[in-house]
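Okay, structure first, notes after.
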Amino acid sequence: LNMLEVRELTTHLKDKLGVGDIPMGMPMAAQPAAAAAAPAAGDVEAAAEEPKVEEKSVFIVKLAAFDQAKKIALIKEVRAVTGLGLKEAKALVDEAPNVVKEGVPKEEANELKAKLEELGGTVDLE
């Protein structure tokens, strides 16, 4: 489909389904800001007393650096954790800083960080 046909198709579907135009931009960002801007009077006092700090639940484990003497053990651990082949795991370690694993729960990220640091790596959790 070219752009003209796509436009005709969308206008036809909007008419057929009764759907209006969706404003472009960041609609999800605007809604929480509007809700936060107009809290109820009772909520203002509660919000002033307890600031909410949202704790991260998903982390990115990043190998920042490593000890050259313990490189082989580190490659073996990275290979076991990620499921990569030997060549890919070696490249990941050699090209530090590099992401080892993404979307890791907090507990697993801390365990992985401890293992990698024990094996001579410097690990950052993001």
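The calculated pair-distance distribution of the range 59-126 uses every alpha carbon pair, bins of 10 angstrom beginning at 0, and gives 24, 62, 14 percent.
Multiply the residue separation of MET3 and GLU95 by 0.36 nm, subtract the distance between their alpha-carbon atoms, and state the gained length in nm to one decimal.
Numbers: separation 92, 0.36 × 92 = 33.12 nm, distance 4.26 nm.
Result for the pair: 28.9 nm of gain on full extension.
With each label modelled as a point 7 angstrom along the Cα→C-beta vector, the VAL19-ILE72 pair spans 5.9 nm.
Coordinate-derived values only; no laboratory data. Source: prediction; values computed, not measured. For neighbour counting, all protein chains shown are included, and Cβ atoms are generated from backbone atoms with ideal geometry for every residue, glycine included.
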